[in-house]
Amino acid sequence: MRRPDWVPAGTDLDKPNAARVYDYYLGGSHNFEVDREMARKAMALWPDLPMIMRSNRAFLRRAVQHLAEAGFSRFLDIGSGIPTFGAVHEVARAIRPGAEVVYVDRDPVAVAHSRLLLEHDPLSHVVQADLRDPQDILARPEVQALLAPGEPVAVLLVAVVHFVTDEEDPKGAVAAIRDALPPGSALALSHASLEGRPDQAEDHQKLYKSTPTPLTMRTKEQITSLFDGFELIDPGVVYLPEWRPENPQAVGEHPERMTGMAGVGLRP
């Protein structure tokens with residue numbers, strides 16, 4: 001296979017990659033046949049998956065819009081993945097033209113392509129780091145510069161904490177980030193849930209065990225506990241389509257089909 005120029009040397013093109021699979025679900029072009037094959041297997045088990053991924057992306061857009069309208073102009077997007085249409089800086093700057101964004105991802109392909117896309121954007125920065133090592137994230141110069149003025153920062157943990165296993169202490173990682181934030185900061189988080197379609201959860205988690213990023217789906221109670229130290233804003237932790245929908249009628253009669261849950265909280 002010819003290696004595209006956005007793929008860094010040393011990238012294993014023979015194993016599926018969660019960021020590239022997600023890109024495929026969203027209709028992107030930064031994926032390979034091995035990623036598409038995994039996506040097709042997943043969709044055979046769970047045909048709603050592309051719709052769920054798009055619902056997750058729509059939550060990200062609504063959350064960033066809400067936070068920008070509330071006055072936030074500093075965003076820390078951890079687990080940002082491969083940039084696609086409607087990236088955080090685009091959404092935020094439609095409301096706050098001077099918004100600054102630091103994108104963080106552990107995947108070298110996502111980081112390499114982000115840097116290529118944003119190389120001429122002085123208000124956006126890209127860091128290769130891992131949520132499982134929050135102190136490393138906080139020590140990066142780009143993140144320190146974002147936090148240094150002491151202004152509120154919006155942290156985005158969208159579809160990333162479910163790639164941190166229980167043994168890797170997801171609550172501890174989120175708490176470490178929280179404790180470094182200035183007062184008035186925010187957390188927007190979405191997470192794959194065991195609720196809604198528990199019949200699908202086991203097979204889907206088994207499939208992701210074949211990748212370097214196994215998936216841990218959690219209950220609503222476990223997801224809500226990730227907001228410890230934040231005050232949840234209405235409507236709390238809910239299914240993805242239920243979080244401040246632009247058109248309430250679009251939520252439908254069965255929002256649990258989207259399975260993912262999401263919320264936004266503020267640090268006092």
Counting Lys and Arg as +1 and Asp and Glu as -1 over every other residue whose Cβ sits under 9 Å from the Cβ of A129, the net charge comes to -2
Electrostatic dipole magnitude of the chain [Cβ: Lys, Arg +1; Asp, Glu -1; Cα centre; debye, to 20]: 440 debye
Residues in the range 84-101 reached by a label modelled at L116 [backbone nitrogen below 18 Å; 7 Å Cα→Cβ]: 84-87
Fraction of antiparallel bridges per DSSP, the chain only, in percent to nearest 5: 35 percent
Spelling out what I want: for every residue of the range 96-110, take phi, set θ = phi - 60°, compute 6.51 cos²θ - 1.76 cosθ + 1.60 (Karplus), and round to whole Hz; glycine and proline get x. 10, x, x, 4, 9, 9, 10, 8, 10, 8, 8, 7, x, 5, 4
Length gain on complete extension for the stretch A176 to T84, per 0.36 nm per residue less the alpha carbon to alpha carbon distance? 30.3 nm
If you find the alpha carbon centre of the range 37-56 and of the range 149-179, how far apart are they in angstrom? 25 Å
Any chance you could check the Cα centroid distance between the range 79-112 and the range 223-249 for me, in angstrom? 22 Å
Once you mark the trypsin sites (Lys or Arg not before Pro) that are in a DSSP loop and have at most 15 other Cβ atoms within 10 Å, what is the longest gap between them in the chain? 3-208
Magnitude of the Cβ-charge dipole (Lys and Arg +1, Asp and Glu -1) of the range 64-143 about the Cα centre, nearest 20 debye, reported as 120 debye
Top mean-square fluctuation among L138, L123, L226, Gaussian network model of the chain, C-alpha springs under 10 Å? L123
Which listed residue (M43, V91, Y25) has the Cα farthest towards the positive end of the charge dipole for the range 20-111, taking +1 on Lys and Arg C-beta and -1 on Asp and Glu C-beta about the Cα centre? V91
When the helix-only estimate is applied to the chain (DSSP H runs of n ≥ 4, each -39,500 (n - 2.57), divided by the residue count), what is the mean residue ellipticity at 222 nm, nearest 500 deg cm²/dmol? -11000 deg cm²/dmol
Under a GNM of the chain (C-alpha, springs under 10 Å), which listed residue has the highest mean-square fluctuation: E242, E168, E195? E168
Which part of the range 148-174 falls in the paramagnetic zone of R140, meaning amide N under 13 Å from the point 7 Å along Cα-to-beta-carbon? 156
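For D234 and R54, calculate 0.36 nm times their separation in residues minus their Cα-Cα distance, and state this gained length in nm to one decimal.
Values: separation 180, 0.36 × 180 = 64.80 nm, distance 2.20 nm.
Extending this stretch completely gives an extra 62.6 nm.
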For the chain, what does the relative contact order come out to in percent, with C-alpha contacts under 8 Å and a separation of six or more? 18 percent
Separation in nanometres of the label points that stand 7 Å from Cα toward Cβ, at A94 and E151: 2.1 nm
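Laboratory data are not the source of any read-out in this text; all were calculated from the coordinates shown. This structure is a prediction, so every number in the text was calculated from the model and none was measured. Virtual Cβ from ideal backbone geometry, glycine too; neighbours counted across all protein chains shown.
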